[in-house]
Amino acid sequence: MKLSGKTALVTGAGSGMGRAIAKLFAEEGARVVAVDMNGDSVEAVASEIKASGGEAVGVAGNVTKQEDIDTMVETATSTFGSLDVLVNNAGIMDNFLTVGEVTDEVWDRVIAVNLTGPMKLARAAINVMDKQDSGGVIINNASVGGLFGTRGGASYVASKHALIGLTKNIAATYGTFNKIRANAIAPGGVNTNIGATITAPSELGMRAIQGAGEAPIGEPEQIAKVALFLASDDSSFVNGDVLKADGGWTAR
Ligand SMILES: NC(=O)c1ccc[n+]([C@@H]2O[C@H](COP(=O)([O-])OP(=O)(O)OC[C@H]3O[C@@H](n4cnc5c(N)ncnc54)[C@H](O)[C@@H]3O)[C@@H](O)[C@H]2O)c1
């Protein structure tokens with residue numbers, strides 16, 4: 001068990017990678033605070049974890065709302081007594097809208113969910129982790145869109161690049177002596193429900209991503225194993241890094 005005695009808060013835990021991460025972390029002994037704005041799905045995940053003998057609590061909450069963030073972190077400390085691992089996983093896409101096409105509304109929403117929410121959660125988590133002798137671990141689920149110019153529209157790519165910048169800043173300031181480590185994951189194409197949100201893709205944005213070649217498609221469980229590595233002491237000297245998991249999509 002790689003996460004025995006640890007409390008892990010996972011956002012976007014009702015679906016896709018967040019769900020897989022919450023379940024794997026619980027199997028590895030973590031007490032999981034599973035968060036999602038979709039209350040039904042997160043309750044279902046928490047129930048599945050408990051039915052298989054794990055410990056979990058579901059929290060219906062939106063990462064763009066400060067009061068919900070306070071509830072998420074407070075639930076971790078009041079229910080389980082600590083907050084050791086934060087996985088900022090909740091994220092949304094933007095229909096590949098280019099900078100010439102994106103509306104203020106889409107830009108603001110994508111930045112709020114993919115960047116400002118993770119920053120506010122990290123801020124709240126660090127205020128707990130900093131007081132713990134064992135510190136903590138922050139994992140931000142970015143994207144290969146955080147490393148390259150396509151794989152999303154202007155707001156998605158900008159938000160994920162900035163999330164990686166935030167990760168490095170946390171690592172450099174809080175992790176120098178390995179007390180609070182922060183790393184990012186950059187998945188490529190993964191088989192989740194996020195594809196269903198691509199309802200009216202930009203023609204120009206799609207042309208740009210098609211230029212990157214066909215993406216191999218991974219499963220959420222494959223990303224959960226990367227998150228487990230970064231959450232556990234197996235990665236105790238890994239700090240401020242971005243771990244790509246894209247089946248070689250960006251290697252060619
Ligand atoms: N699927 C991919 O191909 C892919 C590739 C690279 C990166 N990512 C990133 O992985 C992360 C997880 O995505 P996924 O593919 O598992 O998607 P998903 O749509 O299956 O799951 C995302 C979950 O996040 C929740 N969510 C969305 N906005 C929220 C908010 N404001 N507050 C709380 N919960 C919210 C949704 O309800 C959903 O349950 C995202 O950050 C995404 O950008 C996905």
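For Gly218, the amide hydrogen comes within under 5 Å of the amide hydrogens of Gly189, Val190, Asn191, counting only partners 5 or more places away or on other chains and with H modelled in the peptide plane. Using θ = phi - 60° in the Karplus curve 6.51 cos²θ - 1.76 cosθ + 1.60, the 3J(HN,Hα) couplings for the stretch 15-22 round to 7, x, 5, x, 5, 5, 5, 4 Hz; x is entered for Gly and Pro.
Test of understanding: what is the full-extension gain from Phe237 to Asp130, defined as 0.36 nm times their sequence separation minus their Cα-Cα distance?
36.7 nm
Please check which bits of the stretch 174-194 a label hung off Asn38 would reach, taking the label as a point 7 Å along Cα-to-C-beta and the cut-off as backbone N under 18 Å. Answer for this model: 190-194. Among the listed pairs Lys50/Lys120; Lys2/Lys23; Lys6/Lys225; Lys120/Lys225; Lys120/Lys168; Lys168/Lys244, a Cα-Cα separation exceeding 22 Å is found for Lys50/Lys120; Lys120/Lys225.
Grab the other residues whose beta carbon is less than 12 angstrom from that of Arg151, score K and R as +1, D and E as -1, and report the net. Charge balance near Arg151 sits at 0. Taking every protein chain into account, the accessible area of the chain amounts to 44 square angstrom per residue (probe 1.4 Å).
Heavy-atom accessible surface of Ser236, to the nearest 10 Å², is about 60 Å², with a 1.4 Å probe and all protein chains retained.
Between the residues Ser134, Ala44, Val87, the greatest Cα displacement towards the positive end of the dipole of the chain, with unit charges on the Cβ of Lys, Arg, Asp and Glu, is found for Ser134.
As a fraction of the 1.4 Å probe accessible area of the chain, surface on carbon and sulfur atoms comes out at 53 percent. Simple point charges give the picture: +1 on the Cβ of Lys and Arg, -1 on the Cβ of Asp and Glu, and for the stretch 7-251 a dipole about the Cα centre of about 480 debye. Helix 154-174 and the long axis of the chain differ in direction by around 30°, with both axes built from C-alpha atoms.
Under 5 Å between amide hydrogens, built in the peptide plane, is the criterion, and for Leu97 it picks out Gly153, Ala154, Ser202 among residues at least 5 positions away or on other chains.
Annotation: amide H-H contacts under 5 Å for Val242 (H modelled 1.01 Å from N, sequence separation of 5 or more, or interchain): Ala184. Note on Glu101 and Asn193: their simple-model spin labels are 2.5 nm apart, each label 7 Å out from Cα toward Cβ.
If one takes the longest principal axis of the Cα atoms in the chain, at what angle in degrees, from 0 to 90 and to the nearest 10, does the Cα axis of helix 117-129 lie? Approximately 20 degrees, to the nearest ten. Accessible surface ranking for Ile217, Ile92, 1.4 angstrom probe, highest first: Ile217, Ile92.
The values are calculated or read from the model by the stated rules, or taken from the named source; none is laboratory data. Being a predicted model, the structure only gives us computed values, none of them experimental. Positions of Cβ are backbone-derived with ideal geometry, glycine not excepted, and every protein chain shown enters the neighbour counts. Side chains are part of the model used for accessible areas, which takes the heavy atoms of the whole protein and leaves out ligands, DNA and RNA. Shrake-Rupley method; radii C 1.70, N 1.55, O 1.52, S 1.80 Å.
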